[in-house]
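Q: Starting off with a structure, shown below.
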Ligand code: FAD
C-alpha cells in the first residue's frame, strides 16, 4: 500500500514509522532484524531504508603513498527492502538518491522496485561525498531531487527515457521528499528552500518527511509556512533522540539543526553517560507526545541502529 494511503486510512490517528540504515558491507540481514524485531509490536505500516552512495577513502600503500579509492560502505538498500516486506509483511520505503546515479541507473532501479511490487520511494539528492566540496551529480545524472521526482512521475505516466518505448507500463510510485524546518544548509534562506520543496510537490511528490529537529515550534511554523504557500501534502516529522553529550556538536555539524539551550544544559548537567542518554530520550518523548497531540500524520524515528532507545520512546508515546 502507499504511504499516503496509510495516512488517509488512519483517520487522524498518528502512525509510527522507523528508518534503518543498511549494515556496513560484510554485515548480514540479522543486523537489521535485530533493530526491527523489538519495534514491530508498535505496528509501523512502513519502514524506510536509507541509501548510501560510494565514498572516497584514502588508503596508505607500502612506500607511504596514499591511494584514493572509491568504496560503497553500506550497499543493499533494495535487497533489505525486499527482506523487510517478506519477513514482516509491512511496506518498505527505499531511499533513492541522485548521487552516483545516471538517469538510466535510476530508471533501472525503479524498474527493479516496480517488479518487486515496492511502490513507495523517498526521492532525495544525497550529500557531497567526503573530500568533495560540493555535491556533484553524475554526468547524465540529476543535480536536484526535483529532477528525480520528475523522472519518477514520468514513469508513473508510462514515460521512459527511451522515447521509442510506446505504451510503457505505468508505475505507481508514491513519492516522498525531504523538507527542512530549519532550512537546507545550502539554501540562501528558508523561503527559497521552501520554494524548491513546493516545486518537488508540484512535480509529483506526495508527502514530505522532515529533517530532525529538537524544537517542535520549528516544525509547527514550517508546516504553517508550507500551508501558506500552498504546499498541501502530509508533512511527517522526523525525530532523532540525542543519546550522548558529544552529539550536541556532531548533530548540528552534520545535520545543520539547532539544539535548544534547555536540552544542552540538561545534558551537560547530567552526571553519567546513562543519565545523559535518559535526558535525550525524555526530550524526544516530550517532543513526540506534543506532536502526536497536535495530530501529525506519523512520527518517523531515525533509529540509527539503536533499537533499545527507539523502543523506550515508542513505549512511552504509543
Ligand atoms: P534537494 O531538494 O535537491 O535540495 C538541495 C538544495 O538545493 C537545497 O538547498 C535546495 O533549496 C536547493 N534546490 C533544490 N532544487 C533546486 C533547483 N532546481 N535549483 C536550484 N536549487 C535547488 N542522504 C543520503 O545520502 N541517503 C539517504 O537515504 C538520505 N535520506 C534522507 C532522508 C530525509 C528525511 C532527509 C531530510 C534527508 C536525507 N538524506 C539522505 C540527506 C539528503 O541527501 C541531504 O540533506 C541533501 O543535502 C539534500 O537532499 P534533498 O533531497 O533535500 O535535495
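The values are calculated or read from the model by the stated rules, or taken from the named source; none is laboratory data. Source: prediction; values computed, not measured. Every residue, glycine among them, receives a Cβ derived from its backbone with ideal geometry; neighbour counts consider all protein chains shown.
Q: Just one of (1) more than 16 Å from the ligand (Cβ to nearest atom); (2) touching a strand residue (DSSP E or B) at 6+ places or on another chain (Cβ under 8 Å) trips up residue 149, so point out which.
A: (1)
Q: What are the residue pairs meeting all of these: first residue in the range 114-131, first residue under 21 Å from residue 57 (Cα atoms), second residue modelled with pLDDT under 95 and near the ligand (Cβ under 7 Å from one of its atoms), Cβ atoms under 6 Å, and 6 or more apart or on different chains?
A: Close Cβ pairs (under 6 Å, with a partner that is modelled with pLDDT under 95 and near the ligand (Cβ under 7 Å from one of its atoms)) amount to 126/53.
Q: While we're on this one: Out of 289, 271, I need the residue that is at pLDDT 95 or above and either part of a helix (DSSP H, G or I) or at positive phi (or both). Which one?
A: Going through 289, 271 in turn, just one is at pLDDT 95 or above and either part of a helix (DSSP H, G or I) or at positive phi (or both): 289.
Q: Right, something else. With the structure loaded, tell me whether residue 231 is farther than 27 Å from residue 23 by Cβ and either in a strand (DSSP E or B) or in contact with a strand residue (DSSP E or B) (Cβ under 8 Å, 6 or more places away or on another chain) (or both) or whether it fails that test.
A: yes
Q: What number of residues within the range 168-198 satisfy the criterion of being buried (at least 21 other Cβ atoms within 10 Å of the Cβ) and near the ligand (Cβ under 9 Å from one of its atoms)?
A: 6
Q: Count, please, the residues in the range 199-209 that happen to be in contact (Cβ under 8 Å) with a residue 40 or more places away in the chain and surrounded by 22 or more Cβ atoms within 10 Å (Cβ to Cβ).
A: 4
Q: Here's something else I'd like to know. Can you list the strands (runs of 3 or more DSSP E) found entirely within the range 1-102 that contain at least 2 residues being within 16 Å of the ligand (Cβ to nearest atom) and free of Cβ contacts under 8 Å to residues at least 60 places away in the same chain?
A: Passing ranges, in order: 46-49, 66-71, 91-97.
Q: May I ask you to list pairs of residues, at least six apart or on different chains, whose Cβ atoms are under 7 Å apart, with the first in the range 179-193 being within 14 Å of residue 124 (Cβ to Cβ) and the second being more than 9 Å from the ligand (Cβ to nearest atom) and in a strand (DSSP E or B)?
A: Taking only residues 6 or more apart or on different chains, the pairs are 179/235.
Q: Can you tell which of 108, 156, 120 is more than 10 Å from the ligand (Cβ to nearest atom), touching a strand residue (DSSP E or B) at 6+ places or on another chain (Cβ under 7 Å) and modelled with pLDDT of 95 or more?
A: Of the residues listed, the single one that is more than 10 Å from the ligand (Cβ to nearest atom), touching a strand residue (DSSP E or B) at 6+ places or on another chain (Cβ under 7 Å) and modelled with pLDDT of 95 or more is 120.
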